[in-house]
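Comments concern the structure below.
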Amino acid sequence: MTLTLIDRTRRTDHATDHATDQGVTPEAAPEAPSAQAPDPAPRRATGREADGLAVASFVLGLIGLLAFNLLLGPTAIVMALLSLARRTRRPGRAYLGLALGVADLVVLAVLVTVNGTVAWNLGA
């Protein structure tokens, strides 16, 4: 952090020296370019949101294999598709969430077909 402060000071001093050499007073010297640039934070937030959706779809799809597959399967599918539409940096995790969501629905279909119920039957 100290290096950052020193670099900013040097940049400011350099801009002031350059402005003084051209006959411009330091008060009229232009500000640092980073102060005028638009804030890129909204783009990062969108990327983080898409990454979060990819991870959440994976986790919900994984949990859905064991419980609440009627609810968690479709939720994992929707979250995976949203994260892929928003260009996540984790497409592999989004595809896994999509596959696990579909697998949740397949497990649900097998349970309904075999047992005639939407509940696990582990015992006799």
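The values are calculated or read from the model by the stated rules, or taken from the named source; none is laboratory data. Computed from a predicted structure; not experimentally measured. Here Cβ is always computed from backbone atoms with ideal geometry, including for glycine, and neighbour counts include all displayed protein chains.
Scanning the range 87-102 for residues that are under 12 Å from the mean Cα position of the chain (by Cα) and more than 13 Å from LEU62 (Cβ to Cβ), which turns out surrounded by the most Cβ atoms within 10 Å (Cβ to Cβ)? Top of the filtered list is ALA94.
Table: residues versus (1) of a type in the set (Lys, Arg); (2) within 19 Å of the chain's Cα centre (by Cα); (3) modelled with pLDDT of 90 or more.
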site: GLY52; (1), (2), (3): no, yes, no
site: GLY64; (1), (2), (3): no, no, yes
site: ALA67; (1), (2), (3): no, no, no
site: LEU72; (1), (2), (3): no, no, yes
site: ALA80; (1), (2), (3): no, yes, yes
site: ALA85; (1), (2), (3): no, yes, yes
site: ASP104; (1), (2), (3): no, no, yes
site: GLY116; (1), (2), (3): no, no, no
site: ASN121; (1), (2), (3): no, no, no
